[in-house]
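> I'd like to ask you about the structure that follows.
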Amino acid sequence: MNTANSITDPARDDHEWSPDSWRDRVATQQPAYPDAEALSSVLSQMAKLPPLVTSWEVETLKSQLAEATRGERFLLQGGDCSESFADCESNSITSKLKILLQMSLVLAQGGRRPVVRVGRMAGQYAKPRSTDTEVCDGETLPSYRGDMINGVGRNLAERTPDPQRLLRAYERSALTLNFIRSLTYGGFADLHHPENWDLGFMTGSPRAGNYSRQVHAIAESLRLVETLSGQPIPEITRTEFFTSHEGLHLAYEQAQTRTVPRRTGCYDLSTHFPWIGERTRALDGAHIEFFRGIANPIAVKLGPTATAEEALALTEMLNPLNEPGRLTFIVRFGAARVEQRLPALVGPIRRKGRQVLWCCDPMHGNTETTADGVKTRRFSNVLGELETSFRILRDCGAHLGGVHFELTGENVTECLGGASGLTEADLARDYRSQVDPRLNYEQSMELALHLAHLMANGRH
Ligand code: PEP
Ligand code: CO
């Protein structure tokens with residue numbers, strides 16, 4: 001136990017938390033490394049490396065999420081299902097940033113409130129799997145668990161977990177973050193230049209014209225305000241952008257968890273906003289233990305098996321002080337089940353007065369496999385779950401405070417439908433994801449435009 005960093009939680013009298021107290025619990029979905037010494041040498045190197053994010057950025061995000069919990073902001077979270085080391089290159093990063101910025105502008109306009117932008121980026125390198133092994137050409141191999149752990153290649157050398165990959169993941173995250181920070185502070189998102197906000201690949205969307213008019217109108221208004229006040233508005237040239245990933249690999253997260261001068265508590269500084277996945281949210285498991293002690297804002301994914309008792313227990317264990325902004329529930333039931341499952345959770349949480357930001361992930365409950373064995377998602381189901389969640393939360397006296405998408409800024413063909421009407425035959429054309437299918441540029445914008453419309457009409 002690392003007693004220097006121990007905290008005693010006033011709401012719990014059972015045991016003390018420390019960055020390694022999760023090790024006394026069952027940690028599911030962790031890789032089996034063949035060489036324990038090689039792993040611990042990497043982890044001690046990582047513990048000395050500088051943090052990827054800072055505690056003040058983390059605190060800023062937490063206060064913005066508190067505003068979103070109160071309905072004064074909206075959370076937009078999105079990116080790849082899993083980042084890959086090979087995709088750590090400028091086009092892939094700029095296109096993801098661009099689509100998220102454009103979506104955020106549309107949502108801010110529709111919802112008349114600022115949008116907190118959070119990428120599934122700069123660290124989304126570990127994946128939970130339903131089986132530990134898979135058979136490839138007659139050979140049983142460890143499953144691919146994300147580039148942080150092993151390689152996707154179908155041979156034993158690639159699939160054997162390699163601790164050096166943890167360092168590569170840390171470095172790739174740092175490279176990605178460095179580029180994102182330069183872009184967002186350097187004018188990439190400057191609204192004075194509507195040409196940077198122009199739409200790509202929006203051939204099929206009837207709403208695209210509206211969007212372009214909006215962007216040009218914003219640039220015009222900015223110039224007018226600057227002319228009238230005789231002052232430039234420099235803030236508009238910079239944009240805030242935060243990072244998030246599934247905090248799956250606990251030894252990696254622990255290595256970046258530390259105290260910082262003049263603040264109490266321990267921050268996981270591998271990312272601003274880590275989340276607990278649907279498969280690792282067992283109340284007595286290691287992930288809950290680790291997350292309950294870190295000072296970051298955190299999220300938990302809740303799928304169709306989640307009960308109201310579990311949800312309430314999670315709020316008590318992860319947010320005993322009932323702070324707004326500390327805890328987000330990312331609900332992912334699927335279009336077919338949301339109507340039945342969501343009210344059963346929202347009602348009891350509301351009645352107990354627990355502070356939760358409700359965020360809808362309309363992706364993970366809507367995955368299906370085509371007759372040819374291709375994993376996909378239908379745009380109509382994604383939109384359907386989003387619309388139903390929006391309505392249910394409003395009818396329950398709560399509100400949809402955020403959305404969580406798997407998307408890319410490129411013109412991939414992984415999800416069906418949308419304004420261009422992608423069919424199963426189109427999937428083969430440009431299917432790149434090694435894991436879950438992502439919305440492409442046009443499908444993502446289309447969703448943002450729909451949601452903005454809902455927000456504009458559902459305002460009170
Ligand atoms: C994911 O976000 O990629 C994921 C695995 O989600 P979930 O934990 O909700 O299944
Ligand atoms: Co996924």
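> Within segment 413-439, take every residue that is of a type in the set (Val, Ile, Thr) and modelled with pLDDT of 95 or more and give me the one that is farthest from ligand 1 (Cβ to nearest atom).
Among them, the one singled out is Thr423.
> Something else: How many residues are among the aromatic types (Phe, Trp, Tyr) and either without any contact (Cβ under 8 Å) to a residue 60 or more places away in the chain or within 16 Å of ligand 2 (Cβ to nearest atom) (or both) when one looks only at segment 440-460?
Qualifying residue count for the region: 0.
> What is the residue count in segment 412-439 for residues that are of a type outside the set (Asp, Glu), away from ligand 2 (no atom under 14 Å from the Cβ) and farther than 15 Å from Asp87 by Cβ?
13
> Restricting segment 358-385 to residues that are buried (at least 21 other Cβ atoms within 10 Å of the Cβ) and of a type in the set (Asp, Glu), which is nearest to ligand 1 (Cβ to nearest atom)?
Per the criteria, the residue is Asp361.
Residue by residue, here is whether (1) surrounded by fewer than 19 Cβ atoms within 10 Å (Cβ to Cβ); (2) modelled with pLDDT under 95; (3) out of contact with any Gly (no Cβ under 7 Å at 6 or more places or on another chain) holds:
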{"position": "Met121", "(1), (2), (3)": "no, no, no"}
{"position": "Leu156", "(1), (2), (3)": "yes, no, yes"}
{"position": "Leu167", "(1), (2), (3)": "yes, no, yes"}
{"position": "Thr176", "(1), (2), (3)": "no, no, yes"}
{"position": "Ile180", "(1), (2), (3)": "no, no, yes"}
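> Identify all residues within segment 398-411 that are modelled with pLDDT of 95 or more and more than 16 Å from ligand 1 (Cβ to nearest atom); write none if there are none.
Ala398, His399, Leu400, Gly401, listed by residue number.
> Select the strands (runs of 3 or more DSSP E) contained entirely in segment 342-395, then report the ones holding at least 1 residues which are touching a Ser or Thr at 6+ places or on another chain (Cβ under 8 Å) and among the hydroxyl-bearing types (Ser, Thr, Tyr).
Strands (runs of 3 or more DSSP E) meeting the threshold: 367-369, 375-377.
> Run down Gly110, Gly71 and say which single residue is away from ligand 1 (no atom under 16 Å from the Cβ), over 15 Å from the mean Cα position of the chain (by Cα) and outside any helix (DSSP H, G or I).
So the residue among Gly110, Gly71 that is away from ligand 1 (no atom under 16 Å from the Cβ), over 15 Å from the mean Cα position of the chain (by Cα) and outside any helix (DSSP H, G or I) is Gly71.
> Output the number of residues of segment 79-99 satisfying the condition of being closer than 15 Å to Arg117 by Cα and either surrounded by fewer than 22 Cβ atoms within 10 Å (Cβ to Cβ) or within 16 Å of ligand 1 (Cβ to nearest atom) (or both).
Final tally of qualifying residues: 6.
> Restricting attention to segment 265-292, and to residues there that are touching a Phe, Trp or Tyr at 6+ places or on another chain (Cβ under 9 Å) and among the aliphatic types (A, V, I, L, M), which single residue is nearest to ligand 2 (Cβ to nearest atom)?
Result: Ile276.
> Pull up segment 275-287, narrow it to residues that are of a type outside the set (Gly, Ala, Ser) and in contact (Cβ under 8 Å) with a residue 40 or more places away in the chain, then point me to the one that is farthest from ligand 1 (Cβ to nearest atom).
Result: Asp284.
> Please find, among Arg117, Arg168, the residue that is closer than 20 Å to Leu400 by Cα, of a type in the set (D, E, K, R) and touching a helix residue (DSSP H, G or I) at 6+ places or on another chain (Cβ under 7 Å).
Unique residue meeting the criteria: Arg117.
The values are calculated or read from the model by the stated rules, or taken from the named source; none is laboratory data. Computed from a predicted model, the values in this text were never measured in an experiment. Every residue, glycine among them, receives a Cβ derived from its backbone with ideal geometry; neighbour counts consider all protein chains shown.
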